[in-house]
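Read-outs throughout are calculated quantities, based only on the coordinates presented, and are distinct from any laboratory measurement. No experiment lies behind these values; they were computed from the predicted model shown. Don't worry about glycine lacking a Cβ; one is built from the backbone with ideal geometry, like all the others, and counts go over all protein chains shown.
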Amino acid sequence: MREGLAIDAWECVWANDISQDKKDTYVENYGDSHFWLGDIWDVVNDENIVPNDAFLYTASFPCTDLSVAGARAGLAGKESGTLEAFLSIVENKKKSNSHPKIIQLENVKGFLTSHKGQDVLNTVRRLSELDYYVDIVEIDASYFTPQSRPRVFVIAVEKSLAPSVMKIKDNQNILDNWWAIFEEQPELRSSKIKNAVLNDESLNWALFDIKLQNQREMDLADIIETEIEPDSKHWWSAERKEHIFNQMSPAHQEKLIAMTSQDHFSYGTVFRRMRKGQSMAELRTDGLAGCLRTPRGGSSKQILIQAGFNDWSVRLVSPREYARLQGVRDDFLLPENQNKGFFAMGDAVCVPVIEFLTKEIITPTYKAWCNSASNKSLKQDK
């Protein structure tokens, strides 16, 4: 998140995570002057921990209870439920008029359907009660990097500032062209978001009139660490190769054989998935990696296939390749431990996606606030 905001020179004044490993990676790159390690719930009742008057709050609360891989406990779950701690901090700041002007939340697409859509509605309701207007957008990292990573962003702007940067839903005007923004770019807001609005039109709904264009100029082959030598220990043994080949369906085996017949190297990624109680290896060859995950189990680590010249090789996608798939610069320092590198990058947000939101929404909102504050000051002077 910080990397993406840096494109417009935003300054981070406070950061938090409960993971020591994540703190170590953060401190290695940015220093330890403002990182607070610990449970976000412990921050709620101590108003001095989070600085006052920060313009922007961002949060990527755990997706564990929202994702398909999780138990679907939703925001009632222990981990995804930390969103309530975040909102309580905002509520406490509001009491002292030191709350943020804009809030950006990020999570998996399962957030839109968790508990039949009630979790996202309850979140918008809480933000509405705190006097924010709220938009929701969906962005896939594949617009920017060779990774399929659809994510949901809930963006809330303080009520007094929102009309200058958002199109506010007018419930009194049935001829309002508000819905036209939905139809112009369905890639940004699917029918799930539209249904959320229709399920409770009384909430503080608003839209940013932004356009998403496919800016990706690379595919999977462009992020490969070519310096990993053919005799490196990272490449799997013949026995492991045979095992993963046997886990593929006949159709995927044929795909791989076709890749080996070419007179150049091509690349694909493999995920292991349970299909009808059986572990299957699924090969993807469209130039995109699947959605990166944290390495909580062997099946969550993404596998790379290199094929051509009548042969093929297989290894795990490296932490640096994970970072490139997330749009992270090559001089960003990663943990030496491979699993910690997977964890740092697999649980991150895609940097170019945040850059897009920064340029299209966050920075324009700040400029609008600066203009309104300047105008207010001029009126007071007069």
What pairs in 116/194; 159/194; 93/159; 101/211; 192/276 have C-alpha atoms more than 18 Å from each other?
-> 159/194; 101/211; 192/276
Would you grab the residues whose amide H sits under 5 Å from the one on residue 269? Only those 5+ places off in sequence or on another chain, please, with H modelled 1.01 Å from N.
-> 284, 305
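Starting with the fewest neighbours, write out 285, 82 ranked by other beta-carbon atoms found within 10 Å of each beta-carbon.
Exposure proxy ranking, most exposed first: 285, 82.
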Quick one: Karplus J couplings for region 139-153, per residue in order, coefficients 6.51, -1.76, 1.60, θ = phi - 60°, nearest Hz, x for Gly and Pro?
-> 9, 9, 4, 5, 5, 10, 9, x, 9, 7, 8, x, 9, 10, 10
With point charges of +1 on the Cβ of Lys and Arg and -1 on the Cβ of Asp and Glu, referenced to the Cα centre of the chain, which listed residue (54, 316, 100) lies farthest in the positive direction of the dipole?
-> 100
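Which number do you get for Rg(Cα) / (2.2 N^0.38 Å) in the chain? Kindly include the intermediate steps, with their values, before the conclusion.
Working: Rg = 22.7 Å, N = 382, 2.2 N^0.38 = 21.1 Å.
Output field value: 1.08.
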Can you figure out the FRET efficiency of residue 238 with residue 310, using R₀ = 22 Å and their beta-carbon distance, to the nearest 0.05?
-> 0.90
Around residue 361, what is the net charge, scoring Lys/Arg as +1 and Asp/Glu as -1 over all other residues with Cβ under 15 Å from its Cβ?
-> -1
Measuring from label point to label point, each 7 Å out along Cα→Cβ, what is the residue 179 to residue 249 span in nm?
-> 3.8 nm
In whole Hz, what ³J(HN,Hα) sequence does region 125-132 give by Karplus (6.51, -1.76, 1.60; θ = phi - 60°), x for Gly and Pro?
-> 5, 4, 5, 5, 5, 8, 6, 10
Taking region 1-65, which trypsin sites (Lys or Arg not before Pro) meet the DSSP loop condition and have no more than 11 other C-beta atoms within 10 Å?
-> none
Where Lys and Arg each count +1 and Asp and Glu each count -1, what net charge lies around residue 176 among other residues with Cβ under 12 Å from its Cβ?
-> 0
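To the nearest 20 debye, what is the magnitude of the charge dipole of the chain about its Cα centre, counting +1 on the Cβ of each Lys and Arg and -1 on the Cβ of each Asp and Glu?
In total the dipole reaches around 940 debye.
How long is the gain from residue 39 to residue 11 if the chain were fully straight, where each residue apart is worth 0.36 nm and the alpha carbon distance is subtracted?
7.8 nm
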Going by average Cβ neighbours within 10 Å, how do the peptides 153-165, 208-220 rank, with the highest at the top?
-> 153-165, 208-220
